[in-house]
Each structure stands twice: as C-alpha cells, then as structure tokens.
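Trainee: Sharing a structure, written as structure tokens. Questions coming.
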Amino acid sequence: MHWISAYTYPTGFTTGLLQKFARKDDKSPPIDKLDFDFIPTPRPVADITEQPKDGAYITGLFLEGAKWNHDKQYLMEPEVMELFVSMPVLHFKPVPKSKQKPNVYSCPTYYYPSRQAIGARESFMINIDLKCGELPSEFWVKRGTALLMSLS
C-alpha cells in the first residue's frame, strides 16, 4: 500500500512502476508503450495486506467536484456542500497502451488544490481514468472534477 501524497516526487514513483513492469522479462513492452489501468478496490485500506502482482495499490487521493459511488464503482454527483471526498484504494496496474475507453473520464490529478505551479514545480501529476457512470465525460470536464493529493 502506498500513500501517494507522502512522496516528494510521485511521478518518479509511477515511472518506476512502469520501468519495473517493462523490465520484467523479454516479452514485456518497452516503457513508452505502457500506460496504467486504474482499478478501484472496494476493500477498505485496513483489509489490503498483500501487494499486487504488477503495479501498486495507491491511497491518499481526494476527489473534488464529484463523489465516488462505492457500490457501482463510478463517479456521481456529490451531496450539497460536499467539496472533497476520499477516493477508494486504486490499483495502478501497468498495461500496454490502448485506445480511449468508452464512458471514462480522464481525471486530472494535482499535488495541490490550487492547480497551478508553485515555484518551479508544476501541480499536475497524471490523468487517472475513472468510470463516468450515468453522466458523460463532458459533464465532469465542465464541472472541473479533479483528484487532489493534498487539501491544503
């Protein structure tokens, strides 16, 4: 289990996950042909004691502008005045790159809520694909839905 918000350079960690998968054996695709599948895990953090075969379990992300439906595993409207919601554990699983999946929102992930560079450091980290559920991807884009690693 990796608390992604605790890393100084989480992009280095995610690149390391891809490198490890690319170097696994001679049949593995090169790192530039890899991407991640982001698989929400319905189990609570305390119940996850094992490591996945490939990739890593990630915790410590907050959803802004939406709510996560834990039963159906997709985005939904938040409650009134509900600004931030904790995301479930996500399995960052390296896979060969493929075409865009239908009914998926490519959710931007930021280090800080301000979503802008602080000093010389950019705030954007990675896009994480989340299922849209009953609303189209464009709805979440217009809403400004994002994942945050920190709330301050």
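Any read-out appearing in this document is the output of simple, stated calculations on the displayed coordinates, not a laboratory observation. Keep in mind the model is a prediction, meaning the values are calculated, not measured. In this analysis, Cβ positions are derived from the backbone assuming ideal geometry, glycine residues included, and neighbour counts consider all displayed protein chains.
Trainee: I want the antiparallel fraction of DSSP beta bridges within the chain, as a percent rounded to 5.
Mentor: Antiparallel bridges make up about 90 percent of those DSSP assigns within the chain.
Trainee: Also: Set the Förster radius R0 to 22 Å, insert the Cβ-Cβ distance between Lys20 and Ser150 as r into 1/(1 + (r/R0)^6), and round the FRET efficiency to 0.05.
Mentor: For Lys20 and Ser150, the calculated efficiency is 0.25.
Trainee: Filter Lys99/Lys142; Lys24/Lys72; Lys20/Lys142; Lys53/Lys99; Lys33/Lys142 down to the pairs with a C-alpha to C-alpha distance above 27 Å, please.
Mentor: Going by Cα-Cα distance, Lys24/Lys72; Lys20/Lys142; Lys33/Lys142 fall outside the 27 Å limit.
Trainee: Separate question: Any chance you could give the angle, 0 to 90 degrees and rounded to 10, that helix 10-22 forms with the longest Cα principal axis of the chain?
Mentor: Helix 10-22 sits at roughly 40 degrees to that axis.
Trainee: In addition: Could you state the orientation-averaged shadow area of the convex hull built on the Cα atoms of the stretch 8-98, in nm² to one decimal? Before the final figure, lay out each step's value.
Mentor: Values: hull surface 30.2 nm².
Computing the convex hull of the Cα atoms and averaging its projections yields 7.5 nm².
Trainee: Specify, per residue and in Å³, the volume enclosed by the convex hull of the alpha carbon atoms belonging to the chain.
Mentor: Hull volume normalised by residue count: 129 Å³.
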